[in-house]
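The values are calculated or read from the model by the stated rules, or taken from the named source; none is laboratory data. Predicted, not measured: the structure shown is a model, and the values here were computed from it. All Cβ positions, glycine included, derive from the backbone under ideal geometry; neighbour counts span all protein chains shown. In case anyone asks, the SASA skips ligands and DNA or RNA and just uses the protein heavy atoms, side chains included. Shrake-Rupley method; radii C 1.70, N 1.55, O 1.52, S 1.80 Å.
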Amino acid sequence: MTVPLLASLAGPGDRPDALTIAGQSCSREQLRGAASAVASRIAGAKSVAVRATPSVETVAAVVGGLLAGVPVVPLPPDAGPAEREHILRDSGAELVLGEDVPVDMREQGSWTGAEPGPASTALVLYTSGTTGAPKGALIPRAAIAACLDGLVDAWQWTPEDTLVHGLPLFHVHGLVLGVLGALRTGCRLVHTGRPTPEAYAAAGGSLYFGVPTVWSRVVRDPAAARALSGARLLVSGSAALPAPVFRGLEELTGQRPVERYGMTETLITVSARADGERRPGAVGLPLPGVRTRLAATESGIGELEVSGPTLFAGYLGRPEATSAAYTADGWFRTGDIAAVDEDGTHRIVGRASTDLIKSGGYRIGAGEVENALLDHPAVSEAAVVGVAHEDLGQEVVAYVVADGVGERELIDFVAGHLSVHKRPRRIRFLDALPRNAMGKPQKKLLPPL
Ligand code: MLC
Ligand code: AMP
């Protein structure tokens with residue numbers, strides 16, 4: 001018999017603080033009761049959305065969808081009207097849990113429906129491409145199970161762990177690894193609300209997750225970093241961990257962080273192991289069942305392609321985008337440039353397109369931000385780029401041609417229209433964008449800031 005996706009919810013072992021999210025705790029029994037009540041209310045729906053605030057209610061809403069076999073669409077809680085409407089319309093989500101359907105931790109429902117099939121969609125995760133609005137990646141239950149079981153193996157993740165993180169609950173890192181991982185393994189979860197060094201230091205966990213920006217802030221707070229010395233494993237992912245941050249963590253905590261690599265479309269595919277070598281700049285070995293190869297290598301460096309059980313099932317309603325994401329022989333093109341060392345260790349060395357920006361671990365499409373800027377009546381042209389940034393990895397910078405609008409107003413306009421994390425941090429006003437003879441903007445010719 002296959003293990004239920006959220007194995008620990010059915011199994012033995014409970015405590016009143018099995019989950020603590022932003023200061024509020026609940027037991028597995030309470031979670032199962034509240035989620036069961038949600039499942040009964042939504043059974044048969046095509047899909048449901050949830051405004052993914054860091055809260056136990058968000059977890060109960062997601063688990064309710066997973067129990068009922070109804071695909072769950074997490075909404076960034078700060079999504080402005082343009083982004084929220086796009087996600088709701090594109091996904092066809094019929095209900096927003098917590099808004100149209102109550103989610104109450106005091107309820108004790110008793111859902112008895114069968115475990116949905118492994119190929120059924122668990123989550124629809126919206127993710128940005130280089131152009132246009134975000135696409136909904138269909139994540140099957142079996143992909144989540146394969147990914148989490150691979151990480152259990154790589155990280156020696158057990159029910160005795162206490163997982164600590166403070167990442168957003170609408171992406172793979174915070175939601176799939178950070179919540180469903182705890183519910184599959186049965187470990188305790190402490191979500192700190194925000195991923196601050198002080199909150200990580202105070203949480204007393206054994207297993208910590210962070211994006212590189214979080215780890216770089218931890219290193220700049222030596223007292224907080226030292227408080228993590230007793231942890232079993234510090235894990236970094238979602239963007240490249242700078243070597244100085246890796247070394248700073250080693251110096252202050254006495255242990256080398258484990259780096260892993262993944263994507264919304266593939267979940268986590270490659271990771272350093274708890275019992276293996278951990279090197280700065282290296283993301284380790286493919287998880288069990290995952291295969292990797294480099295396309296068109298030039299001196300051992302090329303675009304990374306992956307196949308295996310953790311892959312998504314396509315972009316919702318976009319067959320062309322889905323087939324373009326695969327090679328003719330069925331491998332997923334990650335768009336990341338990688339190298340593989342002789343011992344099989346993978347290194348991510350860049351991205352094929354400069355129009356996908358990674359800022360604070362968030363994936364942000366230049367085209368989506370450009371379109372938001374062009375929605376402002378005073379803006380006639382816009383070009384958005386990612387500029388290297390010590391804290392965020394990259395920062396979103398916009399070059400615009402506009403009349404009668406200031407930097408602050410435009411930044412707030414994007415923050416209010418899309419999500420706050422997609423806003424440009426800086427804006428430079430130009431008289432015209434540099435263009436080639438065909439009239440196409442030339443981002444390479446943009447002046448330095
Ligand atoms: C600032 N704020 C504004 C604003 N400017 N609000 C409205 N309008 C404006 N113009 C407010 C915000 O609402 C927020 O409030 C506060 O300012 C701070 O926001 P910020 O400046 O954007 O935060 P920052 O310090 O930059 O965040 C850093 C960070 C964050 C690391 C905490 O980037 C983060 O959580 N990153 C994680 C991304 C992630 O999980 N990615 C995984 C993708 S999955 P308030 O009140 O909220 O503080 C993936 C697969 C894989 O990649 O491999 O894992
Ligand atoms: P997302 O779709 O938000 O999950 O972002 C996926 C992208 O994050 C990948 O395509 C990579 O560019 C990047 N990424 C994730 N983990 C790492 C890592 N450990 N090192 C470098 N880049 C990473």
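Odds and ends about this structure:
- The sole residue among Val124, Val152 that is β-branched (Val, Ile, Thr) and under 18 Å from Thr53 (Cα atoms) is Val124.
- Test set (1) under 30 Å from the mean Cα position of the chain (by Cα); (2) at pLDDT 95 or above; (3) not basic (Lys, Arg) - Leu449 fails condition number: (2)
- Residue under evaluation Leu177, criteria (1) away from ligand 1 (no atom under 14 Å from the Cβ); (2) of a type outside the set (S, T, N, Q); (3) within 13 Å of the chain's Cα centre (by Cα), criterion not met: (1)
- Selection status of Gly317, in the same structural domain as Tyr261 (by TED's automatic domain parsing), over 24 Å from Arg291 (Cα atoms) and out of contact with any strand residue (DSSP E or B) (no Cβ under 7 Å at 6 or more places or on another chain): yes
- Yes/no for Leu304 being part of a helix (DSSP H, G or I) and either in the same structural domain as Ala146 (by TED's automatic domain parsing) or open to solvent by 60 Å² or more (accessible area, probe 1.4 Å) (or both): no
Yes/no per residue for (1) in contact with an Asp or Glu (Cβ under 7 Å, 6 or more places away or on another chain); (2) on the phi > 0 side of the Ramachandran plot; (3) open to solvent by less than 30 Å² (accessible area, probe 1.4 Å):
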{"position": "Ser216", "(1), (2), (3)": "yes, no, yes"}
{"position": "Val219", "(1), (2), (3)": "no, no, no"}
{"position": "Pro222", "(1), (2), (3)": "no, no, no"}
{"position": "Ser229", "(1), (2), (3)": "no, no, no"}
{"position": "Val235", "(1), (2), (3)": "no, no, yes"}
{"position": "Pro244", "(1), (2), (3)": "no, no, no"}
{"position": "Glu250", "(1), (2), (3)": "no, no, no"}
{"position": "Glu265", "(1), (2), (3)": "no, no, yes"}
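- Residue among Glu370, Glu390, Glu381, Glu407 that is modelled with pLDDT of 95 or more and under 25 Å from Leu88 (Cβ atoms): Glu370
- Taken together, Ala296, Ala274 contain a single residue that is in the same structural domain as Ala325 (by TED's automatic domain parsing), open to solvent by 70 Å² or more (accessible area, probe 1.4 Å) and away from ligand 2 (no atom under 13 Å from the Cβ), which is Ala296.
- Elements of the type strands (runs of 3 or more DSSP E) sitting completely within region 4-108 and holding at least 2 residues that are open to solvent by less than 20 Å² (accessible area, probe 1.4 Å) and closer than 18 Å to Pro140 by Cα: these cover 48-51, 72-75.
- Counting only strands (runs of 3 or more DSSP E) that sit wholly inside region 374-439, those with at least 1 residues that are touching a residue at least 60 places away in the same chain (Cβ under 8 Å) are 379-389, 393-402.
- Residue count for region 243-275 satisfying the condition of being touching a residue at least 40 places away in the same chain (Cβ under 8 Å) and farther than 17 Å from Pro197 by Cα: 17.
- Single condition Glu29 does not satisfy, out of (1) within 17 Å of Thr112 (Cβ to Cβ); (2) in contact with a helix residue (DSSP H, G or I) (Cβ under 6 Å, 6 or more places away or on another chain); (3) not polar (S, T, N, Q): (2)
- Options Thr127, Thr121, Thr131: the member that is outside the structural domain of Leu418 (by TED's automatic domain parsing), polar (S, T, N, Q), under 30 Å from Ala372 (Cβ atoms) and within 11 Å of ligand 1 (Cβ to nearest atom): Thr127
- Filter pass, Glu265 being out of contact with any Gly (no Cβ under 7 Å at 6 or more places or on another chain) and not in a loop (DSSP other than H, G, I, E, B): no
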